[in-house]
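Note sheet for the following structure.
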Amino acid sequence: MRLYICADGSYAGTQADAKAMGKGWEQVEVPTDKAGLIDYLNARYESISRAWDADVQEARQSPVNAPPAHETAPSYVHQSVAFEDAWQGFSLALKLHFAAQAMEAARDAL
């Protein structure tokens, strides 16, 4: 079965749908038999997991923009702007991670 994976990680069933989304996309062949589908999904999960691990390592190693010289620690505004600037470059997995953390914090606050 042909499936179209868009650059943001969403899926489309037809090439026309993928083009209509206005994003880069990749055509993949997905097995329809149970064993083949399980193997495909597991392999896809492993590749996403490796990409996630690489993103986390990169985020830990690359410093956020340095604070202004007169401040000893970055201000909240500075951190917010730096995070917002970096957001566009995050992978979907990293964005979902931060969204999940925000949801957990909100649930704990309630």
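Among the residues of region 11-29, those identified as within 21 Å of S91 (Cα to Cα), in contact (Cβ under 8 Å) with a residue 12 or more places away in the chain and surrounded by 13 or more Cβ atoms within 10 Å (Cβ to Cβ) are A12, A18, M21, K23, W25, V28.
For region 8-44, the set of residues classified as assigned to a loop (DSSP other than H, G, I, E, B) and aliphatic (A, V, I, L, M) consists of M21, V30, listed by residue number. Check region 79-87 and report whether any residue there is in contact with a helix residue (DSSP H, G or I) (Cβ under 6 Å, 6 or more places away or on another chain) and either modelled with pLDDT under 85 or not in a strand (DSSP E or B) (or both). Checking region 79-87: not a single residue is in contact with a helix residue (DSSP H, G or I) (Cβ under 6 Å, 6 or more places away or on another chain) and either modelled with pLDDT under 85 or not in a strand (DSSP E or B) (or both). Within region 30-37, does at least one residue satisfy the condition of being within 26 Å of G89 (Cα to Cα), surrounded by 11 or more Cβ atoms within 10 Å (Cβ to Cβ) and not basic (K, R)? Checking region 30-37: not a single residue is within 26 Å of G89 (Cα to Cα), surrounded by 11 or more Cβ atoms within 10 Å (Cβ to Cβ) and not basic (K, R). The residues listed here are H97, H70; of these, the one that is touching a helix residue (DSSP H, G or I) at 6+ places or on another chain (Cβ under 9 Å) and either surrounded by fewer than 10 Cβ atoms within 10 Å (Cβ to Cβ) or modelled with pLDDT of 85 or more (or both) is H97.
The values are calculated or read from the model by the stated rules, or taken from the named source; none is laboratory data. Because the structure is a prediction, the values reported are computed rather than measured. Note: ideal-geometry Cβ built from the backbone for every residue, glycine included; neighbour counts use all protein chains shown.
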